[in-house]
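Novice: One structure is given below, represented as structure tokens, and several questions about it will come after.
Nothing in this text is a laboratory measurement; each read-out follows from the coordinates by a stated rule. What you see is a predicted model, and the numbers here were worked out from it, not measured in a lab. Here the Cβ is made from the backbone with ideal geometry for all residues, glycine too, and neighbour counts use every protein chain on show.
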């Protein structure tokens, strides 16, 4: 294998080659510390040309390649196996904004661009790049595309797939598909970009993308409402959609237990109300007219909810700092849960109209199996995506509780299937759910996926052991 490393090093240079256990360490463990790999080497190409040359070498030598962006994935999709034979290809050095076209409302970026940097570049041009998620300070556009990331603004702008107009992709034989078209209409056959979005690097490596931009809103306003149940949260969503239309950009729900975790592990985090309530809804409106107009829109939604007995209490942010503090309550749930201890995570989606029923039925099933389990339920209510997590009781040793993980996960996923949902809403399959998905996709769907994989990657070198 040293010959492979020497040939790749000749392409990427010393800055593009990382070897040795200590130096490779940051690339070999996933964010949740659930998966650890042992790559032959970490390769960091600086251009599409270098990626193509590296993949060409790997194809000629049948060396497996695992692409990695910011290493913020939650399903182990960007981690090699432990064989010491796979190349980990990191895109972190490919981080240029190639072009911004404010008239066409597009931005062309390389795969290693950090999401927050893309947002700032768009804002500098007077435009909005709406993809927003908790890991935006380290997640990369390539990784977002690879997993078809969702985030907090899907309700208005869609998933990453909906924001992509064109791609540049290095194929498994080293050829480069140059599909960087900033077109919203192109009806000339198969839309190939969608083969690579959500494929988690199993069909090729995305090296650049043309992404949609939008006019910057004049104001982004947020408010939190307290409600008695998920059912009431859905009723409030209907009111908000009717009254605000496309200006409704965020509608998040989190339970009181989620709030208690954030307050416990983030000292100084402000509780939104003096009294505690069963559920909370965070509403965001992006207004094209004025801050006052946006604030009026949220207040009218909350007022209508109170008139109908849905909203128990409500507060609207009066400043950007208050709005950021409200979002922090929602966005810090994942980290607070990690600080609390081990937990069983589920990233699921069900039809919005059935979310309340799903939660009630699945909660009851979980508690029958493990009466002391603590439910950590939160998510993007507006698009039906729940992070339906289960934490063990404090008095039970974490390792003992985690031995229940397989059985509890089966309960959750079987319930999702009965509600015609998906066991992966926005985090992908990676290696974590590769076997699990076989229980829930039809034999025909799985066979079609395998045929696509074989057609694009006949040697099986692209991110083996992931997705399919």
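Novice: Listed highest first by mean packing, meaning other Cβ atoms within 10 Å per residue, what order do 256-267, 448-459, 126-137 come in?
Specialist: Values: 256-267: 17.4, 448-459: 14.2, 126-137: 20.2.
The densest-packed peptide leads the list: 126-137, 256-267, 448-459.
Novice: To check you understand DSSP bridge types, tell me what percent of the beta bridges within segment 219-334 (both residues inside) are antiparallel, rounded to 5. Don't skip to the end; give the middle numbers.
Specialist: Values: 21 of 21 bridges.
So the antiparallel bridges in segment 219-334 amount to around 100 percent.
Novice: What value does the chain have for Rg/Rh, both radii from Cα atoms and Rh as Kirkwood defines it?
Specialist: Using only Cα positions, Rg/Rh for the chain is 0.97.
Novice: Let me ask another. To test your reading of the geometry: what angle, between 0 and 90 degrees and rounded to tens, separates the Cα axis of helix 115-124 from the longest principal axis of the chain?
Specialist: Around 80 degrees separate the two axes.
Novice: Plugging the Kirkwood radius over Cα pairs into Stokes-Einstein for segment 250-311, at a temperature of 4 °C and a viscosity of 1.567 mPa s, what D comes out in µm²/s?
Specialist: The diffusion coefficient I find is 96 µm²/s.
Novice: Taking each pair of different alpha-carbon atoms in segment 342-439 once, compute 1/r for the pair, average those values, and report the inverse of that mean as the Kirkwood hydrodynamic radius in Å to one decimal.
Specialist: 13.6
Novice: Roughly how far apart, in whole Å, are the Cα centres of segment 103-159 and segment 1-53?
Specialist: Using only Cα atoms to place each centre, the spacing works out to 26 Å.
Novice: Now a separate question. Would you please classify the overall shape of segment 106-215 from the alpha carbon gyration tensor, given that a ≥ b ≥ c denote the square roots of the eigenvalues, rounded means a/c under 1.5, and beyond that prolate means a/b larger than b/c while oblate covers the rest? Write out the running numbers ahead of the final one.
Specialist: Details: a/c = 1.65, a/b = 1.39, b/c = 1.19.
It is prolate, given that a/c is not under 1.5 and a/b is the larger ratio.
Novice: In the chain, what percentage of the DSSP-assigned beta bridges are antiparallel, given to the nearest 5?
Specialist: Details: 61 of 70 bridges.
Of those bridges, close to 85 percent are antiparallel.
Novice: If you line up the long axis of helix 48-61 against the longest principal axis of the chain, both from Cα atoms, how many degrees apart are they, to the nearest 10?
Specialist: 60
Novice: In addition: Given segment 2-90, what percent of its DSSP beta bridges are antiparallel, to the nearest 5? Working shown, then result.
Specialist: Values: 3 of 10 bridges.
So the antiparallel bridges amount to about 30 percent of the total.
Novice: Oh, and also: Ranking request for peptides 8-19, 420-431: highest mean number of other beta-carbon atoms within 10 Å first, then the rest in descending order.
Specialist: On the way: 8-19: 15.7, 420-431: 21.4.
Per-residue Cβ counts within 10 Å, averaged per peptide and sorted highest first, yield 420-431, 8-19.
Novice: Then there's this: For segment 401-463, just the Cα set please: Rg and Dmax, both in angstrom.
Specialist: 14.0, 42
Novice: Where the centre of each part is set by its Cα atoms, how far does segment 361-412 sit from segment 174-208, in angstrom?
Specialist: Taking the Cα centre of segment 174-208 as reference, the centre of segment 361-412 is 37 Å away.
Novice: What number, rounded to the nearest 500 deg cm²/dmol, is the helix-based mean residue ellipticity at 222 nm of the chain, given -39500 (n - 2.57) per DSSP H run of at least four residues and division by all its residues?
Specialist: -11000 deg cm²/dmol
Novice: Now for a separate question. Please report the Cα spread of segment 335-393 along all three principal axes, rounded to whole Å, starting with the longest.
Specialist: Principal-axis extents of segment 335-393 (Cα, largest first): 31, 27, 11 Å.
Novice: Sorted from largest down, what three extents in whole angstroms do the Cα atoms of segment 32-124 have along their principal axes?
Specialist: Dimensions of segment 32-124 along the principal axes of its Cα atoms: 49, 33, 16 Å.
Novice: May I pose another question? Mind pulling the angle between the C-alpha long axis of helix 355-369 and the longest principal axis of the chain? Nearest 10 degrees, somewhere in 0 to 90.
Specialist: 80
Novice: If a/c stays under 1.5 just call it rounded; otherwise compare a/b with b/c (prolate if a/b is bigger, oblate if not). Do that for segment 219-334, with a ≥ b ≥ c from the square roots of the Cα gyration tensor eigenvalues.
Specialist: On the way: a/c = 1.94, a/b = 1.26, b/c = 1.54.
Oblate, because a/c is 1.5 or more while a/b does not exceed b/c.
Novice: Then there's this: Ranking request for peptides 407-413, 107-113, 166-172: highest mean number of other beta-carbon atoms within 10 Å first, then the rest in descending order. Write out the running numbers ahead of the final one.
Specialist: Working: 407-413: 17.4, 107-113: 25.3, 166-172: 23.1.
Packing order, densest peptide first, comes out as 107-113, 166-172, 407-413.
Novice: Please work out the C-alpha center-to-center distance from segment 324-341 to segment 74-93 and express it in whole Å.
Specialist: 28
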